[in-house]
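Participant: My questions will all concern the structure given below.
Since every read-out is calculated from the coordinates, none of them should be taken as a lab result. Keep in mind that this is a model prediction, so the values were computed, not measured. Cβ coordinates were reconstructed from backbone atoms using ideal geometry, including for glycine residues, and neighbour counts include every protein chain displayed.
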Amino acid sequence: MSERAVCLVSGGMDSCVSAAIALSEGLQLGFLHVKYGQLTESRELKAFEEIADFYSVNSTATSLTSQSGSIFSTISSFMAKAN
């Protein structure tokens, strides 16, 4: 099994390129998108979903303003699902 990693994906070009590089190096990726009340939230989320679909990567979005707990518990739960 290859090494696993979480790639924080905003939906922008930097995220897309970083994900492509990690995948080309053989990493098993999971994508995480964080919503924090940004003005471009809906567009970023759409781009995030499109990038995850393109690369066929397990993905989840979380909100820092929700009652979902800390970002660290979100990442831990996300990585546990990747098994």
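Participant: Tell me the label-point distance for the pair residue 34, residue 5, using the 7 Å Cα-to-Cβ offset, in nm and rounded to one decimal.
Facilitator: 1.8
Participant: Add +1 for every Lys or Arg and -1 for every Asp or Glu among the other residues with Cβ under 14 Å from the Cβ of residue 42, and state the total.
Facilitator: Cβ neighbours under 14 Å give a net charge of -1.
Participant: Check which residues have an amide H placed less than 5 Å from residue 28's amide H, if you skip close sequence neighbours.
Facilitator: 3, 4, 5
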